[in-house]
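Asks: One structure, as C-alpha cells, below. Some questions next.
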Amino acid sequence: MPETTPATSTVLPALPTLSAQAERLIELGVHELAGLPVGELRAFAETAVVPEGGVGALLAVHPDLAPASALAPLLRRDGKPGFVVTDMPDVDRFAPCAIELPDARLYLVTGLDRGDHMANWSPEEALPTLTKEDRTPLLLTEGIHWVLQQPAVLERNHCFMTIGSRLRKANGTLDARTPAIWISNGTGRDGRERRDAPKVGWCWWGNRHTWLGFASATSRRGHDL
C-alpha cells in the first residue's frame, strides 16, 4: 500500500445551497434532458433535509435519467466545454458497482471528499481503504454534478477518479477501465483546442497517477416529496 499523500493547502469553497444547485441545473437544462419538471426539482431542493452531521450536500440526478455522456458537455473551464474521451464511447455503460442508489429520481450525496491524500494510489488499492473508512466512492455522474456545482473542485494536479462506476462485461467480469475527471492537456486525440477543458476519461484499475485522488462520500439519500 502506498503512503498517504499529505493534505494540500487547497480549501474548497462550500457547496451552494440546495435551492441554488437546483437553479443551476435548471439553467443548464439538466431538468429537460432528465425529463424532470422544474417544479419537482425546486420542491426537492426546498424540502430535502441534509442528514445530521452533514456539512453541505450535493443534489444529484439519478444516472438513469442524466447519463455521463449528456452531463459532460455541460462542464466548463476557462470557457471550454467538457468532453468524453474518444476511446470511451461506452461511458454510459459504467454503472454503480456494489453501490445501492436511492430509489429516487433525485437524491443527496453528503460528506464529499476529493481524496487528495490517496493521490498516486491505484483504484485497486484505494477501494478497500475507502470501504474500511465507511466511505463510498463517487459515481461518474456524481463527480460531474460536483464539478458543475463547484468548478473549483477540478484543478490541475488535484483531479479525481470516480471508481463507484464500473463496466461489467458480458462474461461477468469487470472492465479494467475506471472513470476519472481531469483537465485536458490538449494532446493526442483530445486536440489542441481542448487544452484546459474538463475531461472525462479512464485509467486502468491497477495503475497509479500522481494527479488523481479518489472522490468519495459518506452517504446517499433520497426524499419522498
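Asks: In segment 9-29, which residues are touching a helix residue (DSSP H, G or I) at 6+ places or on another chain (Cβ under 7 Å) and part of a helix (DSSP H, G or I)? Let's see the steps before the verdict.
Replies: Let us first name the residues in segment 9-29 that are touching a helix residue (DSSP H, G or I) at 6+ places or on another chain (Cβ under 7 Å), namely 12-13, 15-16, 18-19, 21-22, 24-26, 28.
Hits for segment 9-29 are Leu18, Ser19, Gln21, Ala22, Arg24, Leu25, Ile26, Leu28.
Asks: Restricting to segment 112-125, count the residues that are surrounded by 19 or more Cβ atoms within 10 Å (Cβ to Cβ) and not in a helix (DSSP H, G or I).
Replies: Quick first cut of segment 112-125, residues surrounded by 19 or more Cβ atoms within 10 Å (Cβ to Cβ) only: 112-116, 118-119, 121-123.
Filter once more, keeping what is not in a helix (DSSP H, G or I): 112-115, 119, 121-122.
Residues meeting the conditions: 7.
Asks: Pairs needed: first member in segment 209-221, closer than 11 Å to Asn157 by Cβ; second member anywhere, open to solvent by 10 Å² or more (accessible area, probe 1.4 Å) and aromatic (Phe, Trp, Tyr); C-beta distance under 8 Å; at least 6 residues apart or different chains.
Replies: Listed by first residue and then by second, the contacts come to Trp211/Trp182; Leu212/Trp182.
Asks: Test each condition in (1) touching a Gly at 6+ places or on another chain (Cβ under 9 Å); (2) part of a loop (DSSP other than H, G, I, E, B) for Glu100 and report the one that comes out false.
Replies: For Glu100, the exception is condition (1).
Asks: Pick from segment 47-86 the residues that are of a type in the set (D, E, K, R) and either at pLDDT below 95 or touching a Pro at 6+ places or on another chain (Cβ under 9 Å) (or both): which of them is most open to solvent (accessible area, probe 1.4 Å)?
Replies: As a first pass, look at segment 47-86 and keep what is of a type in the set (D, E, K, R): 52, 64, 76-78, 80.
Within this subset, residues satisfying the condition of being either at pLDDT below 95 or touching a Pro at 6+ places or on another chain (Cβ under 9 Å) (or both) are 52, 76-78, 80.
Numbers: Glu52: 190, Arg76: 128, Arg77: 60, Asp78: 119, Lys80: 62 Å².
Selected residue: Glu52.
Asks: Being more than 21 Å from Ser219 (Cα to Cα) and out of contact with any Phe, Trp or Tyr (no Cβ under 8 Å at 6 or more places or on another chain): is that true of Gly56 here? Can you show your working first?
Replies: On the way: more than 21 Å from Ser219 (Cα to Cα): no; out of contact with any Phe, Trp or Tyr (no Cβ under 8 Å at 6 or more places or on another chain): yes.
No, not satisfied.
Asks: A further question follows. Tell me which residues, restricted to segment 30-46, are open to solvent by less than 20 Å² (accessible area, probe 1.4 Å) and not in a helix (DSSP H, G or I).
Replies: The one that is open to solvent by less than 20 Å² (accessible area, probe 1.4 Å) and not in a helix (DSSP H, G or I): Leu36.
The values are calculated or read from the model by the stated rules, or taken from the named source; none is laboratory data. Since the structure is predicted, the reported quantities are computational estimates derived from the model, not experimental observations. Neighbour counts run over all protein chains shown; Cβ positions are idealised from the backbone, glycine included. Areas reflect the complete protein model, heavy atoms only, side chains present, ligands, DNA and RNA absent. Shrake-Rupley method; radii C 1.70, N 1.55, O 1.52, S 1.80 Å.
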